[in-house]
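Encoded as structure tokens, the structure appears first; notes follow it.
Any read-out appearing in this document is the output of simple, stated calculations on the displayed coordinates, not a laboratory observation. Quantities reported herein were computed from a predicted structural model and do not represent experimental measurements. Heads up, the Cβs are rebuilt from the backbone with ideal geometry, glycines too, and the neighbour counts pull from every protein chain shown.
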There are 2 protein chains.
Amino acid sequence: MSLHAFYEQYFPFWKALKEEDKNYLCENTAEEHFDKEQPVHDNMGCTGLFIVRSGRLRLYMLSEDGKEITLYRLSPGDICMLSASCVLQSVTFDVYVDAEEESNCYHIRASAFSDISNRYLEVKNYALETAVSRFSDVMWIMQQIVFMSMDKRLAIFLLEETQTNGTDSVNMTHETIARHLGTAREVITRMLKHLAADGVIEVTRKGIRITDKKKLRSIAY
Amino acid sequence: MSLHAFYEQYFPFWKALKEEDKNYLCENTAEEHFDKEQPVHDNMGCTGLFIVRSGRLRLYMLSEDGKEITLYRLSPGDICMLSASCVLQSVTFDVYVDAEEESNCYHIRASAFSDISNRYLEVKNYALETAVSRFSDVMWIMQQIVFMSMDKRLAIFLLEETQTNGTDSVNMTHETIARHLGTAREVITRMLKHLAADGVIEVTRKGIRITDKKKLRSIAY
């Protein structure tokens, strides 16, 4: 499919654009490949928009001493808007984006999108609407952090991971899980040990296999 | 000042509205008074928009077991948009709003504003832009919760409070401060005792007085 045809399907505002502006956006789009764990965006400047074509991106916050917390993930078809802070002037916080898996993206140059969004209310609207919808994801994470115990958060994380990957397993190291949840590896290792002793999970060499989903759900919700 | 005249100054989209729609919004605005600590909005339905005229509103999250966390405050001139979730369909989380002080507000009925925002892109834009700008406030709170120790958060809270009220004092009970920060009263009492012993604050009968702002800043930032 040509980029024009893809954008026509993808962007709700496409029809409102003049032909020259459609071309302008297409000319300012690059296909980019990211290796697993390669950085896509850091807090330096306005990188632009990314539409995930394959793979998965992860958006997270980073503290001065290197602590991370995962805010949400972007799957094929999702768009990363917060990496274009110059489009959303009211967003004043820093986020980081990495490729969680090998990924292919369309990358729209920030200046071009910003220019178009200043000239079309429909485009501005789309950018804001996309950002606001992510607000809800972030609030859900925040509610977990503030109000839930770590064992509950771990249970939710395992359930959401298996739902995303469509298996019963989460093939991550304890270190990686700890990073997602903003805690120490030791905490995760201890909790997984408890869950294994209760027969809820099995710790394998590749990661974790859920053996009693019902029980894990009762911990999570 | 008439409501028409006020809205003309207040809303950047006002000029774009037809005369009949201006009247429609004015007719659907009520002046409302809230006593100190009176609820303004809970998670039931779509209450509408509130423009603070005097006093102060507080927006917070609430856990099932009654734990709170303050997200931000609204001062005279500020607008509360998240209490109108039917205007922002992509916002799917629950927030609560209380009057932190005796307050007067203009209350715009949700259905009327929603109707107008569906018909004017400029109005939709304004609503989204307002919501997104609050996103940054919430992320700042979140960064504090995730990455900062409670003594740092307490120092930031005391500094921001005195900046807001323009004095050197924070006249709140330990209980109230604890609620703002989502922790237990005992934790706050213990930390304030430490700060007092270090000569940073003075605990008075009415609350807390900051005696060494420079030192408090060095703890906070």
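Relative to one another, the C-alpha centroids of the stretch A:155-221 and the stretch B:64-108 are positioned 36 Å apart.
Enter the per residue convex hull volume of chain B, computed from alpha-carbon coordinates, in Å³ rounded to the nearest integer. Present the calculation step by step, with values, prior to reporting the outcome.
On the way: hull volume 29.5 nm³, N = 221.
It is 134 Å³ per residue.
Each residue of the stretch A:62-71 was assigned a 3J(HN,Hα) from its phi angle through the Karplus curve 6.51 cos²θ - 1.76 cosθ + 1.60 (θ = phi - 60°); the sequence is 9, 8, 4, 9, x, 6, 10, 9, 6, 8 Hz, with glycine and proline shown as x.
Ordered by the number of other Cβ atoms lying within 10 Å of each residue's own Cβ, fewest first, B:ILE208, A:ILE51 fall into the sequence A:ILE51, B:ILE208.
Between B:GLU31 and B:TRP140, the FRET efficiency estimated from the beta carbon spacing at R0 = 35 angstrom works out to 0.65. Taking amide hydrogens as placed 1.01 Å from N in the peptide plane, the amide H of A:MET81 sits under 5 Å from that of no residue at least 5 positions away in sequence or on another chain. Magnitude of the charge dipole for the stretch B:148-220, about its Cα centre and with charges confined to Cβ atoms of Lys, Arg (+1) and Asp, Glu (-1), is about 40 debye.
Taken one residue at a time, the phi angles of the stretch A:116-123 give Karplus couplings (6.51, -1.76, 1.60, θ = phi - 60°) of 5, 5, 6, 9, 10, 4, 4, 6 Hz. Gly and Pro are set to x. Applying a DSSP loop filter and a limit of 16 other Cβ atoms within 10 Å to the GluC sites (Glu not before Pro) in the stretch B:1-64 leaves B:GLU37, B:GLU64.
Modelling each spin label as a point 7 Å along the Cα-to-Cβ direction, I'd like the A:THR167/B:ALA197 distance in nm, to one decimal. Going from the A:THR167 label point to the B:ALA197 one covers 5.3 nm. What the Kirkwood sum gives for the stretch A:148-220 is a hydrodynamic radius of 11.9 Å, with every pair of different alpha carbons counted. Inter-chain Cβ neighbour count for A:120-131, averaged per residue, equals 4 (cutoff 10 Å, partner chain atoms only). By other beta-carbon atoms within 10 Å, ranking A:SER54, B:SER2, B:SER85, A:SER103 with the fewest at the front produces B:SER2, A:SER54, B:SER85, A:SER103.
Between the amide H of B:ASN171 and those of B:ILE208, distances stay under 5 Å, these residues lying 5 or more places away or on another chain, with hydrogens modeled in the peptide plane. Per-residue Cβ neighbour counts within 10 Å put B:PHE50, B:PHE135, A:PHE13 in the sequence A:PHE13, B:PHE135, B:PHE50, beginning with the fewest. Across the stretch A:79-89, coupling constants 3J(HN,Hα) worked out from phi with the 6.51/-1.76/1.60 Karplus curve, θ = phi - 60°, read 10, 9, 9, 6, 7, 10, 5, 6, 7, 9, 4 Hz, and Gly and Pro carry x.
What's the longest bit of chain B with no exposed trypsin sites (Lys or Arg not before Pro), using DSSP loop states and at most 13 other Cβ atoms within 10 Å as the test? After excluding every exposed loop site, the longest remaining stretch is B:37-204.
Centroid-to-centroid, using Cα positions, the stretch B:109-154 and the stretch B:7-34 are 21 Å apart.
Per-residue ellipticity at 222 nm, computed for the protein assembly as shown from helices alone with -39500 (n - 2.57) per DSSP H run of at least four residues, works out to -14000 deg cm²/dmol.
Separation of the alpha carbons by more than 27 angstrom is noted, of A:LYS67/A:LYS193; A:LYS15/B:LYS22; A:LYS67/A:LYS152, for A:LYS15/B:LYS22. Taking 4.7 Å between C-beta atoms as the pairing limit, chain B has these partnerless cysteines: B:CYS26, B:CYS80, B:CYS105. Treating r as the C-beta distance of A:ASP65 and B:ASN104 and R0 as 51 Å, the FRET efficiency rounds to 0.70.
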